[in-house]
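Beneath this line is the structure, given in structure tokens, with notes to follow.
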Amino acid sequence: MTTPDSAKKVPHVSVLYHQIIAALRPKSPGLYVDATIGAGGHAQGILETSAPHGKLLGLDVDPRALELSHQRLSLFKDRIHLVHSSYTELQKTLQTLGWDRVDGIVIDLGVSSMQIDTPERGFSFQQDGPLDMRFDPTQSISASDIVNGFSEVELADLIWRYGEERESRRIARVIVQNRPFHSTGELASAISASLRHRPGTINPATRTFQALRIAVNRELEGLETFLPQAVEVLAGGGRLAVISFHSLEDRIVKQFFRRESRDCVCPPGQPVCTCGHKASIIDLTRRPITADPEEIANNVRARSAKLRIVEKK
Ligand SMILES: C[S@@+](CC[C@H](N)C(=O)[O-])C[C@H]1O[C@@H](n2cnc3c(N)ncnc32)[C@H](O)[C@@H]1O
């Protein structure tokens, strides 16, 4: 099934669009959050489905994404609030709006097509640009600080942990021997020159670029901060839908959902429960939802997307 924007010229085609709308079941007058509004595709669907009185808070740390979604969603007028803020600040932002509980939350992690396709943002190893990779351009640390400032051991550790790259030590050595680096192209070429690129496999720089992006934006820490807040602010019966794009994110989501959907989290084999933990959510997706072949054929980004959904008890 195609998404409503796949036929039009939009800067970013939303992944698993129909599945997100089915998961959140938006209603009027519900309150909804899009924690990563991007180009506003999922948000538009939520606003249309929750007409005439449903409201949506849209968050993003990228001012360009907020501009684009503002243009796209302006017809919804006072039903939409767009805020330049991180999803790690979700509870605070909701308090400012006076929204006590919400009926649905979507978070679509990772980088948008308009960020990847803008070389000046430095996310792509296929187009030359500065070593930046910040989602939030007001943040001080960029990829250049890490590439040119971290020790060889720190770089190897980061590329191993966040890139799951087996050649992390070799890549770290090449970086330290050849720096300073000023551009994504220079870095990608140095990595490619040091590793054999077997035909049919991913570009040798792929995992290192993923690792740098995760580190620059503190993505995994951010997700761990966001998830408990999201569950906390959901009203009973409200739903949280998380789309992730790599195994490190999906593992965090899966483990958090598994723990919070159990009444007892004592170590296995303990005869009597001593933890007192009570399930706060029902896990609706023991296996993640993935895109069908038609969506993947229309949008290559959908290939690695995994959707998990929970409902607040
Ligand atoms: C994959 S895009 C979202 C696309 C959106 N769902 C759509 O339908 O157009 C992810 C967005 O998350 C944003 N983002 C990254 N880290 C964030 C954070 N900590 N808080 C809020 N937004 C963030 C990025 O700037 C990017 O615009």
Check: So how compact is the stretch 13-135: Cα radius of gyration and Dmax in angstrom?
Finding: 14.8, 46
Check: Most fluctuating residue of 166, 258, 134 in a GNM of the chain with Cα springs under 10 Å: which is it?
Finding: 166
Checklist line | Length released on extending from residue 127 to residue 206, taking residue separation times 0.36 nm less the Cα-Cα span | finding: 27.1 nm
Check: Which peptide among 192-199, 101-108 comes first, and what is the full order, when sorted by highest mean count of other Cβ atoms within 10 Å?
Finding: 101-108, 192-199
Next item on the list: Please give the FRET efficiency for residue 247 paired with residue 153, using the beta carbon to beta carbon distance and R0 = 35 Å, rounded to the nearest 0.05.
Entry: 0.90
Item checked: Separation of the residue 120 and residue 173 label points, Cα + 7 Å toward Cβ, nm -> 3.9
Checklist line | Centroid-to-centroid separation of the stretch 82-126 and the stretch 13-28 [C-alpha atoms, Å] | finding: 17
Next item on the list: Mind ranking 49-55, 92-98 by how tightly packed they are, going by the mean number of other C-beta atoms within 10 angstrom, highest first?
Entry: 49-55, 92-98
Check: Which whole-number percent of Cα pairs in the stretch 170-313 have a distance greater than 24 Å?
Finding: 52
Notebook entry, point to check: Along the Cα-to-C-beta direction of residue 141, a point sits 7 Å from the Cα; which residues of the stretch 105-131 have their amide N less than 19 Å from that point?
Noted result: 110-111, 122-123, 131
Check: What FRET efficiency comes out for the pair residue 262/residue 25, r = Cβ-Cβ distance, R0 = 25 Å, nearest 0.05?
Finding: 0.50
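Just so you know, all these numbers are worked out from the coordinates, no wet-lab data involved. Keep in mind the model is a prediction, meaning the values are calculated, not measured. Cβ atoms come from the backbone with ideal geometry, glycine included; neighbour counts cover every protein chain shown.
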